[in-house]
Amino acid sequence: KEGAAIKNEQRMADLDNIRSALLIYSAANVDSNSDKIYAFPTKEQYPNVLVEKKYLTSVPKDPNGSNYDYQVTPTYESFTLKAIFQSPPKGVTGYMCNEQECKNY
């Protein structure tokens, strides 16, 4: 149980860091002539573009070795990052971030 809690803390920290990098990426890539507030990378560009542009030295992976789930809307104005918890408390599945916030889900 203690090991699962430590890994879950790592997942939360990882997603917070990736979210920060995505927000910096967006700020650098929004077209100033557009009404869009955000511009996130495509699924194909993610996660490599975050390292190529030096927003992250490397993109963290889940402690189990897999990539975190990244979804982006067709207009690239919104994203969702998800991590599934190991032995989560009742009523919680994992941790999720978008351009607005991070929270348990």
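Taking 25 Å as R0, compute the FRET efficiency from the Cβ-Cβ separation of Thr57 and Lys36 and round it to 0.05. Don't jump to the answer; show the numbers that get you there.
Working: r = 28 Å, r/R0 = 1.12.
Efficiency computed from Cβ-Cβ geometry: 0.35.
Using the beta-carbon distance between Ala13 and Gln100 and R0 = 25 Å, what value does 1/(1 + (r/R0)^6) give for FRET efficiency, to the nearest 0.05?
For Ala13 and Gln100, the calculated efficiency is 0.85.
Can you put Lys103, Lys61 in order of accessible area, largest first, using a 1.4 Å probe? Don't skip to the answer; put the middle values down first.
Details: Lys103 85, Lys61 110 Å².
Descending order: Lys61, Lys103.
If you build a Gaussian network model of the chain, linking Cα atoms that sit under 10 Å apart, which residue out of Ser58, Ser26, Ser34 swings the most?
The residue with the greatest mean-square fluctuation here is Ser34.
Given a 1.4 Å probe and the protein chains all in place, what does the accessible area of Val49 round to, in Å² to the nearest 10?
10 Å²
Output the pairs from Lys1/Lys61; Lys36/Lys61; Lys1/Lys53; Lys7/Lys90; Lys7/Lys53; Lys7/Lys36 with a Cα-Cα distance over 26 Å in this structure; if there are none, say none.
Values: Lys1/Lys61 21 Å; Lys36/Lys61 30 Å; Lys1/Lys53 38 Å; Lys7/Lys90 17 Å; Lys7/Lys53 28 Å; Lys7/Lys36 36 Å.
In this structure, Lys36/Lys61; Lys1/Lys53; Lys7/Lys53; Lys7/Lys36 lie more than 26 Å apart at Cα.
Suppose R0 equals 30 Å; then what is the FRET efficiency for Ala4 and Ile24 from their Cβ-Cβ distance, rounded to the nearest 0.05?
Numbers: r = 31 Å, r/R0 = 1.03.
Result of the calculation: an efficiency of 0.45.
Summing -39500 (n - 2.57) over the DSSP H runs of n ≥ 4 in the chain and dividing by its residue number, what mean residue ellipticity at 222 nm do you reach, to the nearest 500 deg cm²/dmol? Let's see the in-between values first.
Values: 2 runs with 33 residues, N = 105.
Helix-only estimate at 222 nm: -10500 deg cm²/dmol.
Averaged per residue, what accessible area in Å² does the chain show with a 1.4 Å probe, protein chains only? Please list the in-between numbers first.
Numbers: 6430 Å² over 105 residues.
So the chain comes to 61 Å² accessible per residue, rounded to a whole number.
Within the accessible area of region 1-71, what % is carbon and sulfur when the probe is 1.4 Å and the other protein chains stay in place? Walk me through the numbers on the way to the answer.
Numbers: 2140 of 4460 Å².
Taking all protein chains in place, region 1-71 shows 48 percent carbon and sulfur surface.
Over the chain, calculate the relative contact order: mean separation of alpha carbon pairs under 8 Å at least 6 apart, over the residue count, as a percent. Could the numbers behind the result be given before it?
On the way: 151 pairs, mean separation 29.1, N = 105.
Over the chain, the number comes to 28 percent.
Over the chain, how many percent of alpha carbon pairs lie in each 10 Å bin up to the one with the longest distance?
Pairs per bin, as whole percents: 15, 47, 27, 10, 1, 0.
The values are calculated or read from the model by the stated rules, or taken from the named source; none is laboratory data. Owing to the predicted nature of the structure, the values given are computational and were not obtained by experimental measurement. When we count neighbours, we look across all protein chains shown, and the Cβ atoms used for this are built from the backbone with ideal geometry, even at glycine. Heads up: the accessible areas ignore ligands, DNA and RNA and are worked out on the full protein's heavy atoms, side chains in. Shrake-Rupley method; radii C 1.70, N 1.55, O 1.52, S 1.80 Å.
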